[in-house]
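These notes are about the structure you will find just below.
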Amino acid sequence: RPPRSTLFPYTTLFRSAHLTINGTALTDPFDDLLWIGGNNTVRMNLSSGWTLGSLGLLRLSSFHPDRIPTLEGSTLTVNGRIALESASRDAEIDCPLILQPTAQIELAQGSRLYCMDPITVQGGSGTLASDSRLNFSGPSQWNGNLSLDGTGTLFVHGNALVLGPSVINAHAAKLDGSGATVWNIQDSLTVNTQSIDPLNLPTPDVFNGTFNVSGPQSAKLTINLQNPGGIWTMFGVMNLAAPFGDATSRLAGSLVAIQGNLNVSGSVRCDAGYGLYPRPVT
């Protein structure tokens with residue numbers, strides 16, 4: 001087990017360096033500074049994973065657009081801060097992430113952080129500066145609230161599973177990735193945002209993926225567009241399932257124009273205003 005002291009009070013990597021740490025675990029949460037510069041890689045190959053403590057900071061920076069700082073290895077549980085501090089630069093985290101309620105993510109203007117492996121959201125907060133993007137490229141699992149300030153975008157590309165009550169607060173939250181993202185919603189998911197697809201101009205609120213809402217009575221999708229009178233368009237597939245008997249609410253929030261495929265099974269109630277357009281409904 002490599003003790004934390006082997007990383008010194010903080011570790012800084014610049015000039016195309018690679019640091020690999022092999023072992024079982026750190027002796028305690030990492031509560032110091034790990035600074036990865038452009039074109040450098042840290043591989044934390046710890047079979048039991050490791051934890052960025054509540055005082056810890058993973059700082060990512062690059063002076064050149066083609067030199068990407070990268071973190072790889074085993075599962076990282078985040079209680080502290082992840083900061084991409086260079087404007088208009090990219091960074092990658094190529095290891096499974098678990099975001100705890102005290103986790104913070106900070107992105108500079110125009111920067112993009114790619115989280116390539118599975119992500120578990122137990123909670124967290126952060127600030128996404130203008131034109132920045134937090135990319136959940138791998139599959140995500142939701143059981144907590146994620147609140148993101150600033151005018152950047154949360155981009156959910158991988159398939160998503162909602163297992164517990166979850167809330168997403170973000171200026172923009174592109175929920176369908178490149179258009180094929182599948183959400184399996186088995187508890188309540190509330191999305192409070194200005195737009196669910198800021199990249200789909202001139203119509204910015206179109207969902208092209210799949211929403212599957214089923215399971216216990218608590219399972220419900222609520223999309224609240226912050227613009228008064230906001231309408232979003234469901235152009236993909238929406239499957240709403242509930243037991244027979246008393247109607248179960250499965251959809252709520254802002255007005256929705258259903259232009260995709262809507263499949264309903266059981267006694268389903270919709271608490272959002274909606275319009276049906278000439279597409280298959282079963």
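The values are calculated or read from the model by the stated rules, or taken from the named source; none is laboratory data. Please read these numbers as outputs of a predicted model, since none were measured by experiment. When we count neighbours, we look across all protein chains shown, and the Cβ atoms used for this are built from the backbone with ideal geometry, even at glycine. We work out accessible area using only protein heavy atoms, side chains counted, and drop any ligands, DNA or RNA first. Shrake-Rupley method; radii C 1.70, N 1.55, O 1.52, S 1.80 Å.
What is the Rg over Rh value, at two decimals, for the chain, using alpha-carbon atoms and the Kirkwood definition of Rh?
Computed over Cα atoms, the ratio is 1.03.
State the extension gain, in nm to one decimal, for the chain segment bounded by Glu85 and Ser178, taking 0.36 nm per residue of separation less the distance between their alpha-carbons.
Numbers: separation 93, 0.36 × 93 = 33.48 nm, distance 2.61 nm.
Computed gain between Glu85 and Ser178 is 30.9 nm.
Taking all protein chains as present, what is the carbon and sulfur share of the accessible area of the chain, in % to the nearest whole number, probe 1.4 Å? Don't skip to the end; give the middle numbers.
Numbers: 5980 of 11920 Å².
For the chain, the apolar C and S fraction of the accessible surface comes to 50 percent.
Which of rounded, prolate or oblate describes segment 210-282 when judged by the alpha-carbon gyration tensor and an a/c cut-off of 1.5?
Working: a/c = 2.05, a/b = 1.30, b/c = 1.57.
In terms of gyration-tensor shape, oblate.
Have a look at segment 110-189 and give its Rg and Dmax from the Cα atoms, expressed in angstrom.
11.6, 34
What distance in nm separates the two pseudo spin-label positions at Ser130 and Ala25, each 7 Å out from Cα along the beta-carbon direction?
For Ser130 paired with Ala25, the spin-label model returns 4.6 nm.
For segment 181-197, list residues with backbone N below 13 Å from a point placed 7 Å from the Cα of Ser147 toward its Cβ?
192
Looking at segment 217-282, which chymotrypsin sites (Phe, Trp or Tyr not before Pro) are in a loop (DSSP not H, G, I, E or B) and have at most 13 other Cβ atoms within 10 Å?
Counting only loop positions with at most 13 other Cβ atoms within 10 Å, the chymotrypsin sites (Phe, Trp or Tyr not before Pro) in segment 217-282 are Phe244.
Summing +1 for each Lys or Arg and -1 for each Asp or Glu, what net charge is found among the other residues whose Cβ lies under 11 Å from the Cβ of Ser111? Could the numbers behind the result be given before it?
On the way: positive: Arg89, Arg112, Arg133; negative: Glu85, Asp90, Glu106, Asp131.
Value of the local net charge: -1.
Of Thr27, Thr77, Thr222, which has the largest mean-square fluctuation in a 10 Å C-alpha GNM of the chain?
Checking each option, the largest mean-square fluctuation is seen for Thr27.
How far, in nm, would the chain grow between Tyr277 and Ala17 when pulled straight, counting 0.36 nm per residue and subtracting the alpha carbon separation?
Details: separation 260, 0.36 × 260 = 93.60 nm, distance 5.60 nm.
Once the chain is fully extended between Tyr277 and Ala17, it gains 88.0 nm.
Using a probe radius of 1.4 Å on heavy atoms only, what accessible surface per residue do you get for the chain? Whole Å² is fine.
That works out to 42 Å² for each residue.
GNM, the chain, Cα, under 10 Å: largest mean-square fluctuation among Leu26, Leu146, Leu251?
Leu26
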